[in-house]
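One structure is given below, encoded as C-alpha cells.
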Amino acid sequence: VSQSRYGFQKQLRAHPARYQLVNRLRKRFTPWANFSLVILTASGMFQMSADQQYLGMLNFSNSWSRALLWKHIAMLGMLVCSLTLQYGLAPRLERVSLLIQHQQGNEDQWERLHGQEIRLAWLNMFFGFMILGLTAWMTSL
C-alpha cells in the first residue's frame, strides 16, 4: 500500500496536470463534503436530544454522555482539519503548483505542503473512524 501511495505522489510530482485534475475533483466535491458535515451535525443534534440517555448539556454522569463528549471532540477535530485543508493548504498548494508549471515555483515547498495535506487527510480520516466507533459504542449502551 505504501509503495502505491508513494507511486501516486511521484506521478503527481512528475505531472502537474494530474495534480490539477485531483485538485479540480477536490473543488467539485468539497461543497458536498461540507453539506454532509452540516447534515451530520443537524441529525446528530436531533438524535441526541431525542435519546433518553441524554441528561442535559454538560451533564456527563453516564457512559453515553461521556462517549457523546468524545464524539463532539472528534467532530471538532474533523472540522478543524477540513477547514485547514480547504482554506489553508489547498489554496497554497494550488498557487505553488501554478508557479511550478510556469517554472517559477519551488518544488521543495510543494513537497512540504503536499506532505502536510496528506497528514491532515489521514488525521481527518482517523477522526471519522473515531466518530463511527463512538456511535457504535453509544448505540450498544
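Quick notes on this one:
- Among residues of the range 47-81, those that are in contact with a helix residue (DSSP H, G or I) (Cβ under 7 Å, 6 or more places away or on another chain), modelled with pLDDT of 85 or more and open to solvent by less than 50 Å² (accessible area, probe 1.4 Å), counted: 8
- Checking the stated criteria, Trp110 turns out to be modelled with pLDDT under 90, of a type in the set (Phe, Trp, Tyr) and more than 13 Å from the chain's Cα centre (by Cα).
- Flag set for Gly44, criterion: open to solvent by less than 70 Å² (accessible area, probe 1.4 Å), more than 22 Å from Ala17 (Cβ to Cβ) and over 11 Å from the mean Cα position of the chain (by Cα).
- One residue alone among Asn59, Asn34 is of a type in the set (S, T, N, Q), in contact (Cβ under 8 Å) with a residue 40 or more places away in the chain and out of contact with any His (no Cβ under 7 Å at 6 or more places or on another chain), and that residue is Asn34.
- The C-beta contact set for the range 123-140 (first residue assigned to a helix (DSSP H, G or I), second residue of a type in the set (Ser, Thr, Tyr), distance under 9 angstrom, 6+ apart or interchain) comprises Asn124/Ser82; Trp137/Ser63; Met138/Ser63.
- Considering residues of the range 16-41 that are open to solvent by 80 Å² or more (accessible area, probe 1.4 Å) and farther than 24 Å from Thr135 by Cα only, the residue modelled with the lowest pLDDT: Arg18
- The number of residues in the range 82-131 that are more than 23 Å from Gln20 (Cβ to Cβ) and exposed (fewer than 12 other Cβ atoms within 10 Å of the Cβ) comes to 1.
The values are calculated or read from the model by the stated rules, or taken from the named source; none is laboratory data. This structure is a prediction, so every number in the text was calculated from the model and none was measured. Virtual Cβ from ideal backbone geometry, glycine too; neighbours counted across all protein chains shown. Ligands, DNA and RNA are excluded from the accessible area calculation, which covers all protein heavy atoms including side chains. Shrake-Rupley method; radii C 1.70, N 1.55, O 1.52, S 1.80 Å.
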